[in-house]
Every structure is written in C-alpha cells, then in structure tokens.
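Working notes, beginning with the structure itself.
The values are calculated or read from the model by the stated rules, or taken from the named source; none is laboratory data. Fair warning: this is a prediction, and the values are worked out from it, not measured in the lab. Positions of Cβ are backbone-derived with ideal geometry, glycine not excepted, and every protein chain shown enters the neighbour counts.
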C-alpha cells in the first residue's frame, strides 16, 4: 500500500504563493503540491471550485449507477469528493457533502415521485444528510498518513449507518451497487457489498494520490512514486477478478425453473393495487400459458414455477375464489408454484409473503418479507403522518416484517428467497443462503416504477448478490424487469417491462457458502471501525497540535 506521509497529521506552517494559493512546505523546505494539506485554497474562487467538484462527484456516482451504468465513474466519484473537501475545515466540508449527496440522491430516486413530489424530495433530503458527516470525516482523515485507506473505510461506515437507520435504513445508491459484473464485483464474494464499496473508494483515493505525486515538486516530476501508485491501483482492480475463485461453492445438479410475469393494469400509477382480481387472473393465466407451451414442446418441463411479489393481493386463505384460481393454475402446471401474496391477519395487519403451493398438497412453506418499504407497505407513526399527508391513507393496512430466513425447499431444491426490497440489504439473502439456499430468487413488484430506472437499479443489486454468494439468481416481477443471472453477475435473460412474459431457465444449484456468506457483517464492522477510529485519531492529533502552538 502506497500513501502520502504528512508527518504527525498536521501540515507545517504554509506560505502564501503569489497567486493566492496556500502551498505547504515539506520538512526539507521544498514545496509539495497537495490539495489535501490543511489550509490549502484553490485561489480566490476556492468555494466555487470546491462546490463544482463536489457536485460533479455526486453526478459521477449517479452516472455510475443504473440505468446509466458507467461503472468506471464510481472510483472517480470518490476521488472527486475527497478532492473537494481536502484541505478545508470540517465545518466547511459539511455543505460540500450536501451538494454531492443532493446531486446523487435527488435524481437517483426520482421514481419515488409516484407517491408525490414531497415524498420524493423528503427521502432524497434525508439520504443527502448522510453525506455531510462523510464529507467532514474525509476532510479530517485526509490529514493523516495512509489517507487512502482511512477515506475508503469512511465510505463503508457511512453506508453501514445509512443501511440501518432510521426506519431500518435505505441503502440505495451504494458505491457497490454500480458494480454488478465489473472488476470490483468479485470483492463481494469475500466481504459482501461493503468490501466492494471499500475497493471502489480505495481505487479512487489511490488515483488521486498518484495524481498528487505526479505533479512536480519544484518543477521536477517524480516517476517512481506515481508508478507505485498506478501499480497499487491496478492490483486493487485485478484483485477483484480473482476474488470469486476463493472458496467458490460447488455445483449440485441442475434445476429447471419456470417464470411468470403476469403484468398489471395501469403500470406506473398508484392505483395498481386496486385491480387485485385482475392482477391475480393475469398471473394465473401466465401459469396456464406456460403449461400449454410446455405441452407443445416450446419449453422444457420445469421443476417449479416462480411468481412475483403481489401476484395475488387477495388472500387465498380468506377468499375461496382466489384459492380456486391458484389451485387450478397449480394443477395445470403439475409442479409446485412459488406464489407471492398478501396474508391478512385478524387485526387487519398483513404479511407480504411467498407461499409454496403444491398441486397435490396445496399451500406449504412460506417466507415473509423482512425489509418493508416505509410509507409504501406500512406507515410508521401512522396517526402522526396521515394527519399531514392524507394520501398515505391509501396504504390501508400495515404489513408486518418477517423474522426468519427465506430458505424454502421446493422439488428437492432449496431456494434462497428475498422479496423485493429485501435484496438491497445484506442480511436477508446471506442468511437464506447460509440456511441452505442453492439458487437466489427475488420475487418483486415494481409496477409503480416501470420505465423510471428503479427496476434496473434493483436488478444490479441482485446481480451483485449472485456474485456475493456464488449462486445463480432469478428475479421474477409483476411487470418487469424479470431476469436470469449467472453466479458471475451476467444477465442471460431479461424480460420487457410492462408486458406479460413467460420463460423457462435451466440453472445449476450451488452448494456451500462463499467467504462472504461465512463472514457475514464482520468485514463491514471492521472497516467501519477503522474509518471512524481514523477520524477520531486525526481530530485528537489536530487539537493537541493546536494546543502546543497556543502554549
């Protein structure tokens, strides 16, 4: 690891150049260009330049993510935010972090506007807040030796908190989620999404370190140090290519899976849950269509058929007509179905559930969605919020989160099930795989978000989960995007959006955990602690240095 050394963590007394830019001195008296040195200014327009760089950082991260997919901008985004806040005071870095976060989050989650512009901007604003302490922390740890390591670790800490608090967290827009099948994605097999984020941010920091070292010291460029920086950067990138081979799961036979995307009426509108019987019939018709196509030899006979989240919002355990429709579909298919539905309790609450429905024995094992969408599937502090936002009353019943892993055995294969929003969080798929899951299955309902980029973003996360756990993955959606993903994150089948679709895929079931599955949250915890400890250490060093000067 190559890093810039700045002594005790604070810069020596600076001298002012003729152009108004602060240029710190080295111990030997030679001036060294470093925009990360405390007190460094970009001339008279310093605030403007920093604001532009910070905003560009957020836009670069936005373009790295789907639906744009310019993944190589991910490291550049991390480098630009560091450059924007480097050398400035933590308090000033706060507003630079706000600019970067807003430039990313406001356009990234514009699909939330289906619930109202106020909801969209409120969530984007809440997500932006996390970039304020991140920016301040980057400004602080950039004063230390080996700052590329500490800055990368702070990115992990920020994303770890954002994925947990408040209301269970909202991890959308992680650096890792722009890397579904890139040289960085392999790190997911060793340390889940946090290690991917760390590798991306570290690469960006090393590129900045290399640039700083490449700039002349008193007009004389140094060749060795930039070469070492580039070599280290290349090693980080190449490391991700070989990481999945470490502890790779073993094949355990092939499984043929049918997929039904029934489509819903009025996609992209808040009312899609209103035509419940039509949605149920659409998906039942899809099962019948698939069964007929199998009989005619268009597809091989599947071992099971997968249906999406909310394929029935009518509870078949309380509605005889809904139960009869599902039973007829299962009889026609002749194989077990995995059917997404709402299961209502006597108190009016419900579970968002996937149920194994066997053609002979009927409903069996179930998985309850663990990470629910606030204000979409339940209303936190309902009495308070509905007083100010009356349309939240359209969510008439609150869903209850499940607590158990989604390891469901169907046709001698164990599926690792995570429903929709579950896939954005590390624990649900990890725990389902650890419980024996051999193929990842993500039933989802993105009908509100067709053609907004949200489905592409969720698919990218699923692709990263496939690499993380060394297993193929299936996304089955009400209205798209349904997809088949190989263990290396490559998509081999993708459905159209807002159209009915059926498909049959033959996949290899995998046995055994990856390193990431075994380690769980340990890499994330270690990296987050390292980043936070570096920020505390730098703050203490700076204060002690100032105290000595004042004495």
### Residue in the stretch 182-204 that is at pLDDT 95 or above, outside any helix (DSSP H, G or I) and closer than 30 Å to residue 502 by Cα present
yes
### Task
Among the residues of the stretch 270-282, count how many are at pLDDT 95 or above, farther than 11 Å from residue 313 by Cβ and touching a helix residue (DSSP H, G or I) at 6+ places or on another chain (Cβ under 9 Å).
1
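Looking at 144, 132, 154, 138, which is the one that is farther than 15 Å from residue 61 by Cα, part of a loop (DSSP other than H, G, I, E, B) and touching a helix residue (DSSP H, G or I) at 6+ places or on another chain (Cβ under 7 Å)?
Details: 132 fails: part of a loop (DSSP other than H, G, I, E, B); 154 fails: part of a loop (DSSP other than H, G, I, E, B); 138 fails: part of a loop (DSSP other than H, G, I, E, B).
None of the others qualify; the one that does is 144.
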### Task
Considering only the stretch 36-127, give the helices (runs of 4 or more DSSP H) lying wholly within it that have at least 1 residues that are without any contact (Cβ under 8 Å) to a residue 24 or more places away in the chain and in contact with a strand residue (DSSP E or B) (Cβ under 6 Å, 6 or more places away or on another chain).
none
### Query
Going by the structure shown, is residue 408 in contact (Cβ under 8 Å) with a residue 60 or more places away in the chain and either in contact with a strand residue (DSSP E or B) (Cβ under 6 Å, 6 or more places away or on another chain) or crowded, with 19+ Cβ neighbours inside 10 Å (or both)?
yes
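Taking the stretch 411-420 as the search range and keeping residues that are under 17 Å from residue 303 (Cα atoms) and in contact with a strand residue (DSSP E or B) (Cβ under 8 Å, 6 or more places away or on another chain), which one is surrounded by the fewest Cβ atoms within 10 Å (Cβ to Cβ)? If you could, list the steps in order and put the result at the bottom.
Step one: list which residues in the stretch 411-420 are under 17 Å from residue 303 (Cα atoms), which gives 411-417.
Those still in the list that are in contact with a strand residue (DSSP E or B) (Cβ under 8 Å, 6 or more places away or on another chain) too: 411, 413-417.
Values: 411: 15, 413: 21, 414: 19, 415: 29, 416: 30, 417: 30.
So, considering only residues that are under 17 Å from residue 303 (Cα atoms) and in contact with a strand residue (DSSP E or B) (Cβ under 8 Å, 6 or more places away or on another chain), the one surrounded by the fewest Cβ atoms within 10 Å (Cβ to Cβ) is 411.
Check 170, 177 and return the single one that is part of a loop (DSSP other than H, G, I, E, B) and farther than 27 Å from residue 538 by Cβ.
Working: 177 fails: part of a loop (DSSP other than H, G, I, E, B).
Among 170, 177, only 170 is part of a loop (DSSP other than H, G, I, E, B) and farther than 27 Å from residue 538 by Cβ.
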### Query
What is the number of the single condition among (1) under 26 Å from residue 462 (Cβ atoms); (2) surrounded by fewer than 20 Cβ atoms within 10 Å (Cβ to Cβ); (3) at pLDDT 95 or above that residue 353 does not meet?
(2)
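Evaluate the stretch 207-219: report whether one residue or more is assigned by TED's automatic domain parsing to the domain that holds residue 536, on the phi > 0 side of the Ramachandran plot, at pLDDT below 95 and surrounded by fewer than 24 Cβ atoms within 10 Å (Cβ to Cβ). Before you say what the answer is, go through the steps one by one.
Quick first cut of the stretch 207-219, residues assigned by TED's automatic domain parsing to the domain that holds residue 536 only: 207-219.
Then drop every residue that is not on the phi > 0 side of the Ramachandran plot, which leaves 218-219.
When the remaining residues are screened for being at pLDDT below 95, the result is 218-219.
Cutting the leftovers down to surrounded by fewer than 24 Cβ atoms within 10 Å (Cβ to Cβ) gives us 218-219.
Within the stretch 207-219, one or more residues are assigned by TED's automatic domain parsing to the domain that holds residue 536, on the phi > 0 side of the Ramachandran plot, at pLDDT below 95 and surrounded by fewer than 24 Cβ atoms within 10 Å (Cβ to Cβ).
Of 348, 334, which residue is surrounded by fewer than 16 Cβ atoms within 10 Å (Cβ to Cβ) and within 18 Å of residue 256 (Cα to Cα)? Steps first, please.
Values: 348 fails: within 18 Å of residue 256 (Cα to Cα).
Unique residue meeting the criteria: 334.
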### Task
Identify, from the list 442, 423, the residue that is assigned to a strand (DSSP E or B), at pLDDT 95 or above and surrounded by 22 or more Cβ atoms within 10 Å (Cβ to Cβ).
442
### Query
Can you find even one residue in the stretch 529-542 that is buried (at least 18 other Cβ atoms within 10 Å of the Cβ), part of a loop (DSSP other than H, G, I, E, B) and touching a residue at least 60 places away in the same chain (Cβ under 8 Å)?
no
## Note on the structure
Note on residue 308: of the conditions (1) buried (at least 21 other Cβ atoms within 10 Å of the Cβ); (2) over 35 Å from the mean Cα position of the chain (by Cα), unmet is (2)
### Task
Read through the list (1) crowded, with 20+ Cβ neighbours inside 10 Å; (2) out of contact with any helix residue (DSSP H, G or I) (no Cβ under 7 Å at 6 or more places or on another chain), then give the number of the only condition that residue 324 fails.
(1)
### Message
Quick test of your reading of the structure: residue 479 fulfils all but one of (1) over 19 Å from the mean Cα position of the chain (by Cα); (2) not in a loop (DSSP other than H, G, I, E, B). Name the failing condition by number.
### Response
(2)
### Pick from the stretch 445-461, criterion assigned to a helix (DSSP H, G or I) and without any contact (Cβ under 8 Å) to a residue 60 or more places away in the chain, ranking: nearest to residue 366 (Cα to Cα)
458
### Message
Condition (residue is surrounded by fewer than 20 Cβ atoms within 10 Å (Cβ to Cβ), in a loop (DSSP other than H, G, I, E, B) and modelled with pLDDT of 95 or more) applied to the stretch 10-19: is it met by at least one residue?
### Response
no
